[in-house]
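Notes for the one structure printed next.
The values are calculated or read from the model by the stated rules, or taken from the named source; none is laboratory data. A quick note: this is a predicted structure, and the numbers were derived from the prediction, not measured. Because the Cβ atoms are built from the backbone with ideal geometry, glycine has one as well, and the counts that use them run over all protein chains shown. With ligands, DNA and RNA removed, areas are computed over all heavy atoms of the protein, side chains included. Shrake-Rupley method; radii C 1.70, N 1.55, O 1.52, S 1.80 Å.
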Amino acid sequence: MASRAPAGCPGSRGLAAAHRHLSPKLRSSLSDGMGETLRPPGYSRRVSAWDDCLEELSGPASPRGFGKRTVSVPQQLGERCDEWSSGSERSGVRGHGDLDTRSLGAISARSSRDHGRQLPLLRGIFKIDKRSCDVTLTASQLVWSLIQPDTPGISKMTYKEECIDLRDIFSVKMKRRRSIGQKIGGTLLGLTVFLCIRKGRKLKQGLIHLHNLSEDFCAIWFKQLKEILNGFPNRPKSLKVIINPHSHKGEATNIYYEHVEPLFKLANIQTDVTVTKYAGHALALLKECELQEYDGILCVGGDGSVSEVTHGLLLRAQMDAGKNTNTNFTPVRAPLPLGIISAGSTNVLAYSLHGICHPVTAALHIIMGNIQPVDVCSFSSNSKLLRFGLSSMFGFGGKTLAIAEKHRWMPSSQRRDFAVVKTLANLKPDYCELSFLPTRDSEFTFHRDSKKKTDNSDHYDSKGQWRHIQGQLLNVSIMSIPCLCSMAPRGLAPNTRLNDGTMALIVVRNTSRQEFVRHLKRHPTLKDQFDFPFVETYLVEEVKLQTGPPHHFVHSEYEQIGEAHTIPTENIYSLNIDGDLLNVSSEIHVRLHPELLNLYGSNIEELDNCSAKCSCL
């Protein structure tokens, strides 16, 4: 297919012929890799900038480059480029190749066969890293190869064809040289392509400069690339941003404006920012906000902020669908995906989603439109919805949070340690009744140790489906996500996944303080924290929890005078739901709802290689 570039322009096949008719000075400027031109008298330093980008490059110009030096994607490719998953296969969204210092050229080895079968949309000449290259744009790839001059008597070297997938590109800009303080216009230098590069679990920004001095030629390529990028699904154009300025050390606002907002501007994403002023502000906002104006919601804050926004987004979906939340209803999915920029002390959901606490990684997942469905729990009492959430703890976990909330004046790290030590000092079990519905494969539990004895209080009911546990318990955890964090690199529930349709039920029976501390100290390590005789683990779909003094629980039984019933008196206890404290006095019913919420992020499959450490215990 012939090039669409205008005949005779620097990007066309007539470049070499046109070059011969230029003056020596102009011909010298064309040969410069950055398109350096003569500096008119009286002009000071010049800088480079991109069109349609609010940020300008600064610094002195030089024959080799202008403004800040940027790290371009390497020329040479690695021997392979592994594909990586950025979400559930059911979501239809997939991540892309890991471009490291050896990776740009080997993608061509993986995809050259596909390129050979694709018709080129555009073809022309650009300089890439000061080398003249024949560049071809197809519907899915940007391909280039080095142009070698014909020299008599010298054999041509063989160069590999290099290419990148267009789905790895998140922005393209027209690059210009501008004087300091100049906002618009300037001398065109070519195009700059911005890439999303993966380094393990971390994402970062990469650049490729395509140098060409023709306005018309670059405009054609710019327009075509923009049309292709705009056609990728799930990439947001407008976001509602909610920032909690009090998260952790008050870092949320700075994290957003310094690390996230510049990337959104580069990707042409419009944002509407609200900084919350009080507890419950985000919930009230989501109940009234016109969500149809946005493509997604972004929360910048800690676990408590994320919990509030998650609940608000799902509650708004039930309101719009006309659901009665005071009954046992079947919830509908949230209408918009949720993005998370972690700015808290633990950041459980961010670690479980990205495997790393890194704002640029989270921002690039949002920009690239990587969608990950997530299972969500509903917490209700007397058939009335209390909360949507992802994890909960009763007993030790709830009491620790209750103490921490009473000492909000302390720094977050000191407050957490103080609450743990004080709860351990007054460690007492609670009498509980647990009823739970195991997964369809009732043998599918964390441990399959046949030598473990089963407590006499555990039994199947007459239907053989629900299981029951009652007795003195130190802690009960119910989690639909792995709950990774720096304090638990393997996760608090390592055998569950973000969307596998199961909840992890972890029951810690009464034991000595010393043994319980041994159990807690396993969490920051890679050892099995469940390998204790007093810890039981199950994968379940539904849980009912009731607590109170033992004599308050009297089951129906037949006596000589008839059937006896005892109604338990109210007993208020603390429940930790995603880092938020909820005081309840009656039975809690927890149900799992598969893939009720979409998050911007990826699915972390390998958890055993985490190396995070913690010395808080």
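So here's what we get for this one:
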| quantity | calculated |
| --- | --- |
| Cut-off 11 Å, label 7 Å out along Cα→Cβ of Asn510, residues of the stretch 477-501 by amide N | none |
| Net charge, Lys428 excluded, C-beta distance under 12 Å - Lys, Arg +1, Asp, Glu -1 | +1 |
| Intensity falloff of the stretch 221-266 expressed as log10 I(q)/I(0), Debye formula with alpha-carbon point scatterers, at q = 0.14, 0.32 Å⁻¹ | -0.51, -1.14 |
| Largest-first principal axis extents of the Cα set of the stretch 285-335 (Å) | 32, 25, 17 |
| Accessible surface of Lys384 - all protein chains present, 1.4 Å probe, nearest 10 Å² | 110 Å² |
| Rg [Å, one decimal], Dmax [Å, integer] - the stretch 120-228, C-alpha atoms | 15.7, 51 |
| Other-chain or far-sequence residues with amide H under 5 Å of Gly601's (modelled H) | Asn370, Ile371, Gln372 |
| List Lys127, Lys223, ordered by accessible area with a 1.4 Å probe, largest first | Lys223, Lys127 |
| For Leu189, distant residues with modelled amide H under 5 Å away | Lys175, Arg176, Arg177 |
| The stretch 211-300: GluC sites (Glu not before Pro) falling in loop per DSSP and having at most 14 other Cβ within 10 Å | Glu290 |
| Vicinal HN-Hα couplings computed from phi for the stretch 171-178 (Karplus, 6.51 cos²θ - 1.76 cosθ + 1.60; Hz; Gly/Pro x) | 6, 9, 9, 7, 9, 10, 9, 10 |
| Largest to smallest principal axis extent of the C-alpha atoms in the stretch 318-358, angstrom | 38, 18, 15 |
| Under the Karplus curve 6.51 cos²θ - 1.76 cosθ + 1.60, θ = phi - 60°, whole-Hz ³J(HN,Hα) for the stretch 488-495, x wherever Gly or Pro sits | 8, x, 8, x, 6, 9, x, 9 |
| Contour minus Cα-Cα distance for Lys277 and Asp320 (0.36 nm per residue) | 12.9 nm |
| Largest-first principal axis extents, alpha carbons of the stretch 370-414, Å | 38, 35, 17 |
| In range of the label at Ser238: residues from the stretch 252-271 whose backbone nitrogen is under 17 Å from the point 7 Å along Cα→Cβ | 265, 268-271 |
| Nearest-10 value in Å² for the accessible area of Ser214, using the 1.4 Å probe | 10 Å² |
| Listed residues Lys399, Lys226 arranged by accessible area, highest first, probe 1.4 Å | Lys399, Lys226 |
| Fully extended contour minus Cα-Cα distance, from Gln465 to Asn230, at 0.36 nm per residue | 79.6 nm |
| Förster radius 60 Å - calculated FRET efficiency between Asn382 and Lys130 (Cβ-Cβ, nearest 0.05) | 0.25 |
| Residues with amide H under 5 Å from that of Val275, placed H, sequence gap 5 or more | Ile243 |
| Cα-Cα pairs of the stretch 472-529 separated by more than 14 Å (percent) | 57 percent |
| Calculated FRET value between Leu119 and Ser412, using beta carbons and R₀ = 51 Å, to 0.05 | 0.35 |
| Links that overshoot a 31 Å alpha carbon limit, given the list Lys202/Lys406; Lys249/Lys287; Lys173/Lys199; Lys406/Lys527; Lys173/Lys287; Lys406/Lys428 | Lys202/Lys406; Lys406/Lys527; Lys173/Lys287 |
| Shape metrics for the stretch 316-411, restricted to C-alpha atoms - Rg then Dmax, Å | 16.7, 43 |
| Difference of contour (0.36 nm per residue) and Cα-Cα distance, Asn571 to Lys249 | 112.4 nm |
